[in-house]
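Visitor: Handing you a structure now.
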Amino acid sequence: MSFANLGLSPALLRALTELGHEIPTAIQLQAIPLVLAGNDLMAAAQTGTGKTGGFALPVLERLFPAGKRPGSLQRNPRVLVLTPTRELAAQVHESLRAYGRYLGVRSTTIFGGVGMQPQVEALRRGMDVLIATPGRLIDHMERRTVDLSGIDTLVLDEADRMLDMGFMPAIKRILAVLPRAQRQTLMFSATFSDDIKKLAAQFLRNPLEVQVTPRNTIAATISHLVHPVEASRKRDLLIDVLAVDSRRQSLVFSRTKHGADKLAKILETSGFKAAAIHGNKSQGARTRALSDFKSGRITILVATDIAARGLDIPQLPVVINFDLPMVAEDYVHRIGRTGRAGEDGQAISLVCQDEAHLLRDIQRLLKQDVRIENFPGYVPNQALRVDTATRPPGPGKARPAQHARRGRVEGNGPKTNGHAKPHSKAKPPQRNRFARA
């Protein structure tokens, strides 16, 4: 089935064609007709499956029936989209503008980390769609610089992440001032926890449910690999893993903001093009780092879990967990940045013995063993104890690990015959070589 069969206007179909979107994804196929019919909706799908299009397209169609604006321009927004992070807000805004390029849609974003005045001026000019993070929206509510009395459609994007980040009180405060009569509420998320269902019961009216993948499902195109390592040698191992293909884009996760900054500096000193992104960075620095990563000006982005949701990085080949997350579900969100839209992806984790219990939790969540292989030269003194099925081979019996993706996807990397080159054949990099680079 094509988008033309879903009841979208020619203006939206034209924009979709120019964007190269011809066939709706599973979540779009199920969600769009239900939203167009005016239903409240709870929709769950794993990352990279087109959730933004699942709500943006029908919302635009309802704003501009048959591709035309009904009545005169209005100053106050009719649609409010709440997102947990600035990056996701910017991404939703970009998607809305792309889909609505022939509709004359007016939209803006408001989030923290930047000055208030430009946002105040944008709100005064008026808009159709407002995309906001909860904290900054409340700031505007308190200053009375935003009027939400005309909202007839509310979208909670990545609702589970907003609850994880402690936004429940803010969400309730915002919802308390929104019009209730005839308001359509859409809740989109990667997962639906019990807390999410409780929230939906409070604020959605007879919602329909769409779930195209089970809870905490991971794309089948992602392969999982663990390298055991002594905690004191993690940084050296990370450098050697990245050096297997220094031109390959890699998203590296650190548990702390300080750790992310420190890793980025170490990688830069070693000759890699790297940057860090986390909550303490200014919005300008975060936007610049993400833009540089997407464009290829830097090849390594070191991030905390704030970047695990909402980042849309096309064809990201690998995600590396320098630190395992404390909560197993965050592993799913982290590695969801790779293996998107049917592409192959790899999740590599550097695990010391102190993190063995975290790896066990991840395996239980995945309901599968994760492949464990020693990286040559980094065999730990003590074998990583996870369980009998997943213990790594002893010293001297390490199987060659395979990181490099097929040459057709790696960009500037050397092409192969379709098989990755094993680590054992990769010459370990010399630190002074990187320093000269």
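Visitor: Among the residues of segment 93-128, which ones are within 24 Å of the chain's Cα centre (by Cα), within 21 Å of Arg173 (Cβ to Cβ) and aliphatic (A, V, I, L, M)?
Guide: The one that is within 24 Å of the chain's Cα centre (by Cα), within 21 Å of Arg173 (Cβ to Cβ) and aliphatic (A, V, I, L, M): Ile110.
Visitor: Determine which member of the set Gly135, Gly104, Gly113 is in a helix (DSSP H, G or I), modelled with pLDDT under 95 and small (Gly, Ala, Ser).
Guide: On the way: Gly104 fails: in a helix (DSSP H, G or I); Gly113 fails: in a helix (DSSP H, G or I).
Testing whether each residue is in a helix (DSSP H, G or I), modelled with pLDDT under 95 and small (Gly, Ala, Ser) leaves just Gly135.
Visitor: Report, ordered by the first and then the second residue, all pairs with beta carbons closer than 6 Å, sequence separation of six or more or different chains, a first member in segment 77-88 that is within 9 Å of Leu148 (Cα to Cα), and a second member that is at pLDDT 85 or above and basic (Lys, Arg).
Guide: Sorted first by the residue in segment 77-88, then by its partner, the list stays empty.
Visitor: Go through segment 303-325 and give me each residue that's more than 21 Å from Asp164 (Cα to Cα), at pLDDT 80 or above and in contact with a Leu (Cβ under 9 Å, 6 or more places away or on another chain). Before the answer, list the steps.
Guide: Filtering segment 303-325 down to residues more than 21 Å from Asp164 (Cα to Cα) leaves 313-320, 322.
When the remaining residues are screened for being at pLDDT 80 or above, the result is 316-320, 322.
Result: Leu316, Val318, Val319, Ile320, Phe322.
Visitor: Quick one: how many residues across segment 361-410 are of a type in the set (Lys, Arg), modelled with pLDDT under 50 and assigned to a strand (DSSP E or B)?
Guide: The initial filter retains those residues of segment 361-410 that are of a type in the set (Lys, Arg), namely 364, 367, 371, 385, 391, 397, 399, 405-406, 408.
Checking which are modelled with pLDDT under 50 leaves us with 391, 397, 399, 405-406, 408.
Now narrow it down to the ones that are assigned to a strand (DSSP E or B): none.
Count: 0.
Visitor: Return yes or no: is Pro77 closer than 30 Å to Gln283 by Cβ and assigned to a loop (DSSP other than H, G, I, E, B)? Give the derivation first.
Guide: Values: closer than 30 Å to Gln283 by Cβ: yes; assigned to a loop (DSSP other than H, G, I, E, B): yes.
For Pro77, the condition - closer than 30 Å to Gln283 by Cβ and assigned to a loop (DSSP other than H, G, I, E, B) - is met.
Visitor: Here are the criteria: (1) in a helix (DSSP H, G or I); (2) among the β-branched types (Val, Ile, Thr); (3) touching a Leu at 6+ places or on another chain (Cβ under 7 Å). Tell me which single one Val120 does not satisfy.
Guide: Failed condition: (3).
Visitor: Quick check on my filter: what residues within segment 254-286 are assigned to a loop (DSSP other than H, G, I, E, B), at pLDDT 90 or above and over 20 Å from Ser349 (Cα atoms)?
Guide: Ser270, Gly271, Lys273
Visitor: Moving on. Exactly one condition in (1) surrounded by fewer than 20 Cβ atoms within 10 Å (Cβ to Cβ); (2) under 21 Å from Val35 (Cβ atoms) is false for Gln91; which is it?
Guide: If we test Gln91 against (1) surrounded by fewer than 20 Cβ atoms within 10 Å (Cβ to Cβ); (2) under 21 Å from Val35 (Cβ atoms), just (1) comes out false.
The values are calculated or read from the model by the stated rules, or taken from the named source; none is laboratory data. These numbers were taken from a predicted model, which means no experiment stands behind them. Note that we place each Cβ from the backbone using ideal geometry, even for glycine, and neighbour counts take in every protein chain shown.
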